[in-house]
Amino acid sequence: MRKGGEMREEDNEGVVMANDFFWSYTDEPHASRRRQILSQYPQIKELFGPDPFAFFKIAVVVSLQLCTAIILHDAGWLKMLAIAYFFGSFLNHNLFLAIHELSHNLAFSTPVYNRWLGIFANLPIGVPMSITFQKYHLEHHRFQGVDGIDMDVPSCTEAHFVTNTISKAIWVIFQLFFYALRPLFLKPKPPGYWEFINLAIQVALDGILLYFWGWKSFAYLILSTFVGGGMHPMAGHFISEHYVFNPEQETYSYYGPLNLMTWCVGYHNEHHDFPRIPGNKLHKVKEIASEYYEGLDSYKSWSQVIYMYIMDRSIGPFSRMKRKLSKKSA
């Protein structure tokens, strides 16, 4: 972790993991900072709006990943696993974060076009999630850390079982499952029309792969999704974004090279401050309003974040900021 450009190393001897979340009695910090920045730098509003190249970027990655799956239809399992980890995982995680971008309507000005593109971007991931993700993710922004609403925060059950280095390593490997299944158990929402469209199109694509190219092509896509969301450099953003390594800060940015492959999701403070700005312009927010971000802790390595999370005995699923729902947010 860095603050003011300096790496921090902390003594981990005799540290005991927390047995409760960090509780905040103030509103989340982004709305107030957004107002301050806009009052001082109104030109930031010029950055609002969709990324005109989003469709092209998504189409390239979807085509490349589906073609790879077809090519590997008769590959050996070890070869497939290696390609899934060192190649396919980067593509599928890129598409997961493209869906994140689309959940904020940052490809087209018309929301329904973003939904259709999200369903298309979902295809190589193998399981339908685009529409459902949008529902929960927008709540994460509006109700950041709010108990019982923000499903980005681990459950108490997870926190009570994940209490040491080994269990944290296992949790990281399977964190995509926790991320996906947590809201379905804790705050289920009835599926709507668009979920059924997402499901039908995804099942059709999976069925075509299975029928014409067999199980291995489909397995490659699922493996790419699974390994890319676990013990993988790109999956470090799941932890880096909001896990509290500094009790005075609840959102953290990452300013490393993997932003180029992840729709700049690493600019996470900037993203929460201005969710209407596409990822490829978030660096301009930091440049324009640098004094608001330079003093915040940030990262340069997602792999280091994963290592810190697993090895630091004071950090675990309870290392998240929570708050009660305020009347202003309700």
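The values are calculated or read from the model by the stated rules, or taken from the named source; none is laboratory data. Fair warning: this is a prediction, and the values are worked out from it, not measured in the lab. A quick note on method: Cβ atoms are made from the backbone with ideal geometry, for glycine too, and the neighbour counts reach across all protein chains shown. Ligands, DNA and RNA are excluded from the accessible area calculation, which covers all protein heavy atoms including side chains. Shrake-Rupley method; radii C 1.70, N 1.55, O 1.52, S 1.80 Å.
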Flagged in region 212-224 as exposed (fewer than 14 other Cβ atoms within 10 Å of the Cβ) and at negative phi, in numbering order, are 212, 215
Among (1) crowded, with 20+ Cβ neighbours inside 10 Å; (2) more than 14 Å from the chain's Cα centre (by Cα); (3) within 25 Å of residue 55 (Cβ to Cβ); (4) hydrophobic (A, V, I, L, M, F, W, C), which single condition is residue 96 missing? (2)
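Have a look at 199, 209 and point out the one that is open to solvent by 60 Å² or more (accessible area, probe 1.4 Å) and in contact (Cβ under 8 Å) with a residue 40 or more places away in the chain.
Result of the check over 199, 209: 199.
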Scan of region 216-247 for residues that are at pLDDT below 95 and either small (Gly, Ala, Ser) or farther than 17 Å from residue 304 by Cβ (or both), ordered by number: 247
How many of the residues in region 256-314 are in contact with a Leu (Cβ under 8 Å, 6 or more places away or on another chain), assigned to a loop (DSSP other than H, G, I, E, B) and of a type in the set (Gly, Ala, Ser)? 1
Would you call residue 119 crowded, with 20+ Cβ neighbours inside 10 Å, modelled with pLDDT of 95 or more and more than 16 Å from the chain's Cα centre (by Cα)? yes
Could you check residue 86 against (1) surrounded by fewer than 13 Cβ atoms within 10 Å (Cβ to Cβ); (2) under 17 Å from residue 205 (Cβ atoms) and say which number it fails? (2)
Region 128-149 - residue that is in contact (Cβ under 8 Å) with a residue 24 or more places away in the chain and of a type in the set (D, E, K, R) and, of those, most open to solvent (accessible area, probe 1.4 Å): 142
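Would you confirm whether or not region 23-45 contains a residue that is outside any helix (DSSP H, G or I) and crowded, with 20+ Cβ neighbours inside 10 Å?
Scanning region 23-45, I find at least one residue that is outside any helix (DSSP H, G or I) and crowded, with 20+ Cβ neighbours inside 10 Å, so the answer is yes.
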Working only within region 233-250, note down all residues that are under 13 Å from the mean Cα position of the chain (by Cα) and not in a helix (DSSP H, G or I). 241, 242, 243
Within region 174-184, identify whether any single residue is surrounded by 13 or more Cβ atoms within 10 Å (Cβ to Cβ), touching a helix residue (DSSP H, G or I) at 6+ places or on another chain (Cβ under 7 Å) and charged (D, E, K, R), and answer yes or no. no
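Residues checked against (1) under 22 Å from residue 140 (Cβ atoms); (2) touching a Pro at 6+ places or on another chain (Cβ under 6 Å):
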site: 281; (1), (2): yes, no
site: 285; (1), (2): yes, no
site: 291; (1), (2): no, no
site: 303; (1), (2): no, yes
site: 307; (1), (2): no, no
site: 312; (1), (2): no, no
I'd like to check something: does region 105-120 contain any residue that is free of Cβ contacts under 8 Å to residues at least 12 places away in the same chain, at negative phi and among the hydrophobic types (A, V, I, L, M, F, W, C)? yes
Mind checking which residues of region 150-171 are in contact (Cβ under 8 Å) with a residue 24 or more places away in the chain, surrounded by fewer than 18 Cβ atoms within 10 Å (Cβ to Cβ) and either of a type in the set (A, V, I, L, M) or in contact with a helix residue (DSSP H, G or I) (Cβ under 8 Å, 6 or more places away or on another chain) (or both)? 155, 158, 165, 169
Test for residue 131: is it of a type in the set (Val, Ile, Thr), under 23 Å from residue 316 (Cα atoms) and assigned to a helix (DSSP H, G or I): no
Of the residues 314, 303, which is closer than 30 Å to residue 121 by Cα and either of a type in the set (S, T, N, Q) or surrounded by fewer than 19 Cβ atoms within 10 Å (Cβ to Cβ) (or both)? 303
